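Input: a single structure, listed below in structure tokens.
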Amino acid sequence: GYSIETLRIWVASSDFSGDVTIGPVNLSKANETLRRFRNAARFMLGCIDDMTASDHVRYDNLLPIDRYALHVLASVCREIDQSFESHQFAKVLASLNKFLGGFFSPIYANACKDRLYADSQSSFRRRSVQTVLCIILSTLTRYIAPIAPHSAEDIFAQTKPDTFLSRA
């Protein structure tokens, strides 16, 4: 069976200008979208577990790759904001999928794993990527919340109260 979150994502990704179909293929795609988001969130939650707001690195001090990730995120945020304003929820999900599947997982997360896993817990290089992961997770969770509120609630419940308070 599929979860209520999967059904909500299927509804949000449906094109209501024509006939709406439901079936195993549609639900499988919606489930994959939810799985991709939850896996990325799980990765980020694990990586920022030891972060507090005082550990955040100011934007000007972030490493170039981390500033670039925020640049890509800002571009995606503009797309998502426009899609929400025009009630095009399928485009919201497409933008989230494009960011997670096209940039975050294959490029940014892979490029940062050494800093996250091999650098000392309080190293500047590790804190730089953790700061960006906090911002990405907070941003994407807020965007997915209207569509998949249970997943968003789970993520916020797993973060420390001050993790998202500070912006770099």
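Remarks
- Residue match in the range 30-40 (condition: open to solvent by less than 60 Å² (accessible area, probe 1.4 Å) and acidic (Asp, Glu)): no
- Qualifying residues in the range 1-22 (those that are out of contact with any His (no Cβ under 9 Å at 6 or more places or on another chain) and of a type in the set (Ser, Thr, Tyr)) - the one surrounded by the fewest Cβ atoms within 10 Å (Cβ to Cβ): SER17
- Residue ID - surrounded by the fewest Cβ atoms within 10 Å (Cβ to Cβ), chosen from residues in the range 43-94 that are outside any helix (DSSP H, G or I) and hydroxyl-bearing (Ser, Thr, Tyr): SER86
- Matching residues in the range 14-30 - criterion: being more than 17 Å from ALA152 (Cβ to Cβ) and part of a helix (DSSP H, G or I): PRO24, VAL25, ASN26, LEU27, SER28, LYS29
- Test set (1) surrounded by fewer than 18 Cβ atoms within 10 Å (Cβ to Cβ); (2) touching a Ser or Thr at 6+ places or on another chain (Cβ under 9 Å) - TYR117 fails condition number: (2)
The values are calculated or read from the model by the stated rules, or taken from the named source; none is laboratory data. The model shown is predicted, which means the values in this text are computed figures rather than measured ones. Every residue, glycine as well, gets a Cβ built from its backbone with ideal geometry; the counts of neighbours run over all protein chains shown. When the accessible area is computed, the model is the full protein with side chains, heavy atoms only, and any ligands, DNA or RNA have been set aside. Shrake-Rupley method; radii C 1.70, N 1.55, O 1.52, S 1.80 Å.
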